[in-house]
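S.K.: Let me give you the structure first, and then I'll get to my questions.
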Amino acid sequence: MAVTAKPAGVRLRRRDRLHAARLDWVLVAAALALSLLGCVLIASAGAETVGSAPAKRQLLSVIVAVVLAFAVTRVEPRSLRAWTPALYLVSLVGQLLPFTPMGVSIAGARAWFALPLGFTVQPSEFAKLALICALAATLAGGPRDQSVPNDVVVRALALAGLPLAIVLIGNDTGSAMVITGVVAVIMLVAGVSWKWLVGLAAAGVVVATAAIAFGLLADYQMKRLTSFLDPTADPYGAGLNTIQARIAVGSGGVVGRGLFEGPQTQGGFVPVNDSDFVFSVAAEELGLVGGLLLLMLLALVLWRGLRIAFEARDMFGRLIAVGVVAWFALQSFENIGMNLGVMPVTGVTLPFVSYGGSSMIAAWLGIGLLQLVRLTSAPPPR
């Protein structure tokens, strides 16, 4: 009996349905809810000053980012691993562009370069993704029950050292802190000997202490550190952000002042409250309820990411998933800590929420990588 082959269009639609069924839609929904909440908060932050233009641009960034994330899920895992060295090199070149005539300096950090039509790009956001993939490819080669050989650890540290050095030269302390934490987490999960990890932690403490003791930090960085320890030492300068953010967070109460009704937000008292201090807008205008909602959505993203990491079939995918989750977690902790006054001001964004096209697109590319790892691990639905 002859078997009739199904038309190509039918096979393609069935393959697309199977592809969609294997995606983690809870992860997508949580990240999308955070992104849309961020657009609302950005609109409120600029309502009395710059109008709705930033929120509209952010919404456009969300649309582009989501499309790119789903495009990443179509990449073959073997192709991703094969192209990782090229992606890493491209990211290094991108990190050097802020030091060219195209470069733009903001708040003392030389971390952006300009494009036509008024757009700016922060290449360090994309360098985090490239570094995560490069470290995963480097550290995933050996058996799981053995420590990573010393020569492989040295190669991994060299890969991490180049982008880290560039962001430090550009005075982008926040990105340097996040990158350092992500590298440590990936190396820990990969099975790097604890002696390496303890030695690296000790070296980091020595370098940080020496930088402070010998005046190697930029003047604005020292002021930020001083204001973190005592915001009242410079209440109208470096300590202004922390003081005003604390007031905004504390004034929200349980249910908040209402969207577009926060005195601190609408009065423009909190600087850069559409990016670095966007959490203060949520806390003031949506209160404890809104702040907890935001934290719950972030926790949901992290939990789904960790679940993907645990279910990964190979170490390459596991390290990518762990690296993305560590990046989201560390950056969220630092940003929210800045708003609460328990972390120094470093200029890092809140993933999916803060204003910035580079940050938004990079975060959603991270979601795309998590989904790609899941697709290679989850059994196909029947």
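S.K.: Treating the angle as unsigned and between 0 and 90°, give the value, to the nearest 10°, between the Cα long axis of helix 173-190 and the longest Cα principal axis of the chain.
M.R.: In the chain, helix 173-190 runs at an angle near 40 degrees to the longest axis.
S.K.: Sticking with this one: Grab the beta carbon distance between ARG78 and GLU311, set R0 = 22 Å, and tell me the FRET efficiency rounded to 0.05.
M.R.: On the way: r = 19 Å, r/R0 = 0.87.
After rounding, the FRET efficiency stands at 0.70.
S.K.: A further question follows. How much length is gained on full extension from ARG155 to ALA21, taking 0.36 nm per residue of separation minus their Cα-Cα distance? Provide the component values of the computation, followed by the final result.
M.R.: Numbers: separation 134, 0.36 × 134 = 48.24 nm, distance 3.84 nm.
This chain segment gains 44.4 nm when fully extended.
S.K.: If you don't mind, there's one more thing I want to ask. For region 256-382, just the Cα set please: Rg and Dmax, both in angstrom.
M.R.: Rg then Dmax for region 256-382, in Å: 16.8, 56.
S.K.: If you fit an axis through the alpha-carbon atoms of helix 8-21 and take the longest principal axis of the Cα set of the chain, what angle between them do you get, 0 to 90°, nearest 10?
M.R.: Here the helix axis deviates by roughly 50 degrees.
S.K.: Mind listing the long-range amide H neighbours of THR120? Cut-off is under 5 Å, sequence gap 5 or more, other chains count too, H placed in the peptide plane at 1.01 Å from N.
M.R.: LEU115
S.K.: Let me ask something additional. Please list 267-276, 84-93 highest first by mean number of surrounding beta-carbon atoms within 10 Å per residue. If you can, show how the numbers build up before the last one.
M.R.: Working: 267-276: 20.5, 84-93: 15.9.
Highest mean packing first, the order is 267-276, 84-93.
S.K.: Sticking with this structure for a sec: Could you give the length gained by full extension between LEU97 and VAL207, i.e. 0.36 nm per residue of separation minus their alpha carbon distance, to one decimal place?
M.R.: Working: separation 110, 0.36 × 110 = 39.60 nm, distance 2.65 nm.
Length gained between LEU97 and VAL207: 36.9 nm.
S.K.: Taking square-rooted eigenvalues a ≥ b ≥ c of the alpha carbon gyration tensor, is region 65-221 rounded, prolate or oblate, where a/c under 1.5 means rounded and, failing that, a/b exceeding b/c means prolate? Walk me through the intermediate numbers first.
M.R.: Details: a/c = 2.53, a/b = 1.11, b/c = 2.28.
Because a/c hits 1.5 or more and a/b fails to exceed b/c, region 65-221 counts as oblate.
S.K.: Using just the C-alpha positions of region 314-372 as equal point scatterers, what log10 of I(q)/I(0) does the Debye formula give at each q in 0.12, 0.14, 0.15, 0.30 1/Å?
M.R.: -0.32, -0.43, -0.48, -1.18
S.K.: Obtain the nm distance between the two label points defined at THR232 and TRP194 by a simple spin-label model: each point lies 7 Å from its Cα along the Cα-to-C-beta direction.
M.R.: With each label placed 7 Å out from Cα toward Cβ, I get 4.3 nm.
S.K.: How would you order 68-74, 339-345, 57-63 from highest to lowest mean count of nearby Cβ atoms within 10 Å? Mind showing how you got there, number by number?
M.R.: Working: 68-74: 16.0, 339-345: 20.1, 57-63: 18.4.
The densest-packed peptide leads the list: 339-345, 57-63, 68-74.
S.K.: Angle check, please: helix 357-377 long axis (alpha carbons) against the longest principal axis of the chain (alpha carbons), in degrees 0 to 90, nearest 10.
M.R.: 30 degrees
S.K.: Could you check how many percent of all C-alpha pairs in the chain are farther apart than 38 Å?
M.R.: Details: 15130 of 72771 pairs.
Considering the chain, 21 percent of its Cα-Cα pairs are separated by more than 38 Å.
S.K.: Here's a follow-up. Over all alpha-carbon pairs of region 284-335, lay out the pair-distance distribution in 10 Å bins, whole %, shortest bin first.
M.R.: Once binned at 10 Å, the Cα pair distances of region 284-335 give 25, 42, 23, 9, 1.
All of the numbers you see were taken from the coordinates with simple rules; none came from a lab. Keep in mind that what you see is a predicted model, and the values were worked out from it rather than measured. Glycine also receives a Cβ, built like all others from the backbone with ideal geometry; neighbour counts cover every protein chain displayed.
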